Amino acid sequence: MMADQPPPLEATPLLNEVPLLPHMVNGDSIQQVILVQVNPGETFTITTEDGHIQCIQGPAHVPMMSPNGSMPPIFVPPGYVSQVVEENGVRRVVVVPHSGEFHPSMHPPPPPPPPHVPHYMHHPHALLPPPPHPVFPAVPGTGELPAQFMHQPPPPHVFQEQEPRSHGRTNFIQRDERSLKMQEHLKKRLKDRQASGHTNNKLNSPPSSPHKVLNSSNATIPNGNGKGQQGAVGALKQKQIGKTKGTPEAEMGESDTESRKCDTHLSIGKPVVSDIQARSAVLSWNLPVSSQNGESHSHSPAAFTFEVAISNSGKNGKFKSVYVGEELTITLPDLRPATDYHARVSATSSSIKETISELVSFTTESCEPDCPAAPKLINRTKNSLSLQWKSSNDNGSKITNFLLEWDEGKNGPFKECYYGHLKQYKLTKLAPSTRYSLRLAAKNDIGMSGFSETVTFGTAGVVPPAPAPPTLLEAGVTWMALGWSPPAGGALDDSLTYSLDMEEEGSGYGFQPQYNGDELSCTLRNLRRSTSYKFRLFAYNSEGKSSPSEVVEHSTKPDRPGAPSKPVVKGKIHPHSVRVTWEPPKDNGGSDIYKYILEISEASVGARWEPIYSGAQREHVCDHLRPGTSYRLRVSCASKGGDSQASDVTTVTTAAVPPGPCPAPALVGKAKPKEITLQWGPPAVDGGSEITEYLLEMGSSEQEERRVVYQGPAAEFGVTNLLPGRTYSFWLRAGNKVGFGPHSEKAELCTAPGPPEQCCKPLITCKSATCAVVSWESPACNGAEITEYRLDWGQVEGSMHIIYTGPCQSYEVKGLTPATTYYCRVQALNVAGAGLFGDTGMVTTPPSVPAAVAVLHLLEEDQMEISPPFSTCLAIQWEEPCCHGAEITGYNIEYGEKQLVTVGRNTTHVLENLLPDTLYRIRIQAINSFGVGPFSHSMKAKTKPLPPDPPHLECVVFSYQSLKLKWGEGPSRALIPNPTQFNLQMEDRFGRFVTVYNGPCHTYKVQRLSESTTYHFRIQAYNDAGEGAFSEVCAFTTTKSPPAPLKAPKVIQLEENTLEITWEPLQPMKGDSIVYILQLAAGREFDQVYKGSEPCFRLPAAQTNCEYRARVCAGRQCHDLPGCPELYGPYSPSSVFCCQRREPGPAAAPAGAELAQSGKRLREERVIAVALLCGFAVVAILFAVVIQYFVIK
């Protein structure tokens, strides 16, 4: 037998013979096909749904369906074991014979199938007679052990006393006539086959499979994916076929072995139940006894595996396996009290077939009830709780009473509050707003059960008392932290919430809720500074709301004041003092200023601020200052809200004075025979102004007359044309922009012996473009040995500097510039001094690579004739460096991530295809025929961002003479500076777009337009990055204008009760006809009496001596719009008239006078109305002008 996925349908010879089961083709994805392999020479019998028996000859594969894909346990006969092997993710059930390596004691047999073993076929409606070959009926109902193998009755001499057994099913004793006849027919065929000695079928067939062993235990059809079983059965089949091909003695020996195996019978006695308790019992049994050919044999306990199954639903009910092992006595746990049980024991051995004992019945003892469920609350009041509960399982003895206990609301020990048989109880005389814990137990004749879970219920409460007013915990400028405590006298276990109301002083809104929650504090924010607020507090519980607390008043703190004005100088600035004054701050923070702090600091970098004044005055004299020194002044103020920021800084410079005396001039080096070089330092006091010049005076020792030998800014001077070995006196004075200071102390100096003679012209040799060797000859020393030489070097003959001093007569000059002419000269020195410089020598260095570019900068838009897009371009300019003797042929420009571009000899270039709004580092190097020079310094430049895109243009208000346009997202008026500007253009009648608005606003109203006319607009945005593109052209159409107001209608009395009302007609408006609506009022309300195109209406049946008012309005019928809507203008002024009764003769004169008087009154009212209308128009125009000038512009 094999369990595997089905092969292709064409390979199964059964498909034309066995109909598929109904649940094999229903498309259920969790179902699994089980293939039963029928070997050659075997016959497989199944029972179909209609009860017929169908036999299938091997070889064949019989597909069967597992509804839920589960794998039930496999029951195998003695001598065989089942193993589950997994190969390549496929599970296989292998049935193999027992060997020495596999023993039931090491691998216990699989447990019986669980109660949810799925159906493989439909339940048969009749018991199958025992056929001469295996019969596989369907799996029985859920919870029963399947009887998939039914054996044929054994021969009388072997199994005469054996009764057929079915695990968990009723033995079918009464059989119908058809079954008995079929059984007799099969017995006859079996006897005929045994008598004729036909053993070929048996020899050619494989050994007895789990479905062909006689008198074996019931085995289930395996459910799962496995191919190992097919291989094992196939191998076993080949082994048996090899034996059949031997001698007749081997065949006879094998037949005798099988006959002896079939003659062995195993029996086990009925188990014994002892020590029966309410929830357990002890079950014991004896070892099985095997009999063979009428002889009994005993075995050791280790040779058997026992399985115990019990049922609490009768002998024919469902049995559940509770034990599998080798023990002979077990304790059955987890039994139900007062319940009837049936138990049986089955024994299995590796060499002997399974046997099942007789059923033993017992009943467990009764006990106390199970713990009941917790009571439930069905009603509550302030003083009572109504409870209800249900009974629990009585465990065989009827529940007689219930015990209800409570803790009396004290969280203490439980006490009895009710004992009786009722299932409900009402607790009375309880305290309001109190929580009580309760538990329940049940009692029967056996005893008392355990208590249920503890539940807690609370009685209804009362409204909490008024709480204490909130207290101020902490206050700030715009916030306050308030706290409160629970109301005194309230229940401690009440869950209270609080509501805090606040009233702002002078707001007029009364108390407004600010907080609602269960916390005892809250923080109110966004309050006004230095403002008093009133507060009250409410407390809530589940019963309602308390009375408010007393009203308390708390205030926020004042804010810091603003900075005072910038200090200003008052009066004249003196060298040592200055007077300053200042104004108070514009915002004092809500409290008075009580102190100003004036601070001073020198204008030098890093100087510290020092306070020099603190007080309530706004003026102070700053003294003890140094002349000509710059000082910085600032002022701050303080109030109850704190210290303000410092004001803007004022810089004051005190007046300067002449400088003080200088130190005496000193000799620089050694005195020369004809020259003395003097050096001096600045005076200790410069008078507050920079020293601009010095005045050096000289006098001989014999004469007191002084003469000026030097006047200038230098601090060193050489006095020449002196006589050697003479003493001279010198005085020094320092001067600034105010004047000269006093003389210094006298300095007396003497000249020295004579210096050497003038040196010869030096000899210069170039070693490279940047190195040259200078050598010279020694001149006459003039009586004193030459101690050193000085080499003067420079690019200009008159501007050279000493680069070498020493005794050597040659020097190597390095770091020269290629292709450059240099000049040099040499001077000799001895103890007497330095001689004159010799003749100047000249040399030109050879050419080399160019020098580095010194000047590199960015070009702006106004510096270029053609302005490129600076969002993606950068224009740079540089100065041509020194070529070092070879003409420059080009430049390398490096920018960005070391991107290199080469240009020609021009000194400007535009870098293109750059990223907008990106910072670049740029440097440049020059190129000539000798190579590339060094890079210049790096310059950072940033591209501009892209110009803005045009916004979406839409019309928000349509009118017959104006259109209000809106674009983008932002305020309609530019209240703050906006970097983005907009250019709105409208197409004129010549097809040109003309700018109608340019500014930062997002709306604009275009006026003075024609009615029912389409206008085209486009818009453009621009900012510092440039002008963006124009948007798409948008078309908007003005609406049609309503007709103009009419004059008051005229009324003419035609007859005594007939009036004719006329008014001025209007001309059609652009092809639209005009209709009129006439309304007439005899009291306060007007009623429509006429609508039409005629400018007159005749009113019949008018009441005499009744005053009427009539008004008319014109309407425009828009024929070009769908539905021809009508557009009405305003109503005309009302005409007042009265229908007079006509009388003949003299009575007509008074009526005419009265009519004239009423017409005069009507004219006066019209004049007043026109005057009022003109006044309103003038006021409206003035308001429009003010708004246009002060708000929009």
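So here's what we get for this one:
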quantity: Extreme residue, modelled with the lowest pLDDT, among residues of the stretch 721-737 that are of a type outside the set (S, T, Y) and surrounded by fewer than 18 Cβ atoms within 10 Å (Cβ to Cβ); calculated: G725
quantity: Selection count, the stretch 747-763, where residues are open to solvent by less than 90 Å² (accessible area, probe 1.4 Å) and either closer than 27 Å to S700 by Cα or in a strand (DSSP E or B) (or both); calculated: 9
quantity: Condition met for N736 (farther than 30 Å from A655 by Cα and not aliphatic (A, V, I, L, M)); calculated: no
quantity: Within the stretch 1111-1129, tally of residues that are open to solvent by 70 Å² or more (accessible area, probe 1.4 Å) and in a loop (DSSP other than H, G, I, E, B); calculated: 5
quantity: Residue in the stretch 770-782 that is open to solvent by 70 Å² or more (accessible area, probe 1.4 Å), within 30 Å of C883 (Cα to Cα), at pLDDT 90 or above and touching a strand residue (DSSP E or B) at 6+ places or on another chain (Cβ under 9 Å) present; calculated: no
quantity: Residue match in the stretch 530-543 (condition: modelled with pLDDT of 90 or more, surrounded by 15 or more Cβ atoms within 10 Å (Cβ to Cβ) and of a type in the set (S, T, N, Q)); calculated: no
quantity: Strands (runs of 3 or more DSSP E) contained entirely in the stretch 383-446, each with at least 1 residues that are farther than 22 Å from T459 by Cβ; calculated: 399-406, 415-420, 435-444
quantity: Every residue from the stretch 1083-1105 that is more than 22 Å from L1066 (Cβ to Cβ) and surrounded by 11 or more Cβ atoms within 10 Å (Cβ to Cβ); calculated: A1102, Q1103, T1104
quantity: Given (1) open to solvent by less than 80 Å² (accessible area, probe 1.4 Å); (2) assigned to a loop (DSSP other than H, G, I, E, B), index of the condition C766 fails; calculated: (2)
quantity: From the options P486, P564, P575, residue that is under 30 Å from P432 (Cβ atoms) and either of a type in the set (A, V, I, L, M) or not in a strand (DSSP E or B) (or both); calculated: P486
quantity: Test: residue in the stretch 1008-1015 that is at positive phi and part of a loop (DSSP other than H, G, I, E, B); calculated: yes
quantity: Where P469 falls short, out of the listed (1) open to solvent by less than 70 Å² (accessible area, probe 1.4 Å); (2) outside any loop (DSSP other than H, G, I, E, B); calculated: (2)
quantity: Among residues of the stretch 1025-1043, those that are assigned to a loop (DSSP other than H, G, I, E, B) and either farther than 30 Å from V1112 by Cβ or open to solvent by 60 Å² or more (accessible area, probe 1.4 Å) (or both), counted; calculated: 4
quantity: Pair list, Cβ under 7 Å, 6 or more apart: the stretch 802-825 residue in contact (Cβ under 8 Å) with a residue 12 or more places away in the chain and exposed (fewer than 12 other Cβ atoms within 10 Å of the Cβ), other residue of a type outside the set (A, V, I, L, M, F, W, C) and outside any strand (DSSP E or B); calculated: K814/T770; G815/T770
quantity: One residue from V345, V324 being part of a strand (DSSP E or B), open to solvent by 30 Å² or more (accessible area, probe 1.4 Å) and aliphatic (A, V, I, L, M); calculated: V324
quantity: Residues (in contact with a Ser or Thr (Cβ under 6 Å, 6 or more places away or on another chain) and not β-branched (V, I, T)) located in the stretch 354-372; calculated: E354, S366, E368, P369, D370, C371, P372
quantity: Total residues in the stretch 878-903, condition over 30 Å from S768 (Cβ atoms), modelled with pLDDT under 90 and either part of a loop (DSSP other than H, G, I, E, B) or touching a His at 6+ places or on another chain (Cβ under 6 Å) (or both); calculated: 3
quantity: Count of residues meeting criterion [open to solvent by less than 70 Å² (accessible area, probe 1.4 Å) and either farther than 30 Å from A655 by Cα or in contact with a strand residue (DSSP E or B) (Cβ under 7 Å, 6 or more places away or on another chain) (or both)] in the stretch 702-719; calculated: 7
quantity: Where a residue in the stretch 976-1001 is assigned to a loop (DSSP other than H, G, I, E, B) and open to solvent by less than 40 Å² (accessible area, probe 1.4 Å) and its partner, wherever it lies, is among the hydrophobic types (A, V, I, L, M, F, W, C) and modelled with pLDDT under 90, with Cβ under 6 Å and at least six apart; calculated: P1000/A974; C1001/A974
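For (1) outside any strand (DSSP E or B); (2) in contact with a strand residue (DSSP E or B) (Cβ under 8 Å, 6 or more places away or on another chain); (3) open to solvent by less than 20 Å² (accessible area, probe 1.4 Å); (4) not small (G, A, S), each residue gets a yes or a no:
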| site | (1), (2), (3), (4) |
| --- | --- |
| E583 | yes, no, no, yes |
| D587 | yes, no, no, yes |
| S591 | yes, yes, yes, no |
| Y596 | no, yes, yes, yes |
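The values are calculated or read from the model by the stated rules, or taken from the named source; none is laboratory data. These figures come from a predicted structure and were not determined experimentally. Here Cβ is always computed from backbone atoms with ideal geometry, including for glycine, and neighbour counts include all displayed protein chains. The accessibility values were calculated without ligands, DNA or RNA, using every heavy atom of the protein model including side chains. Shrake-Rupley method; radii C 1.70, N 1.55, O 1.52, S 1.80 Å.
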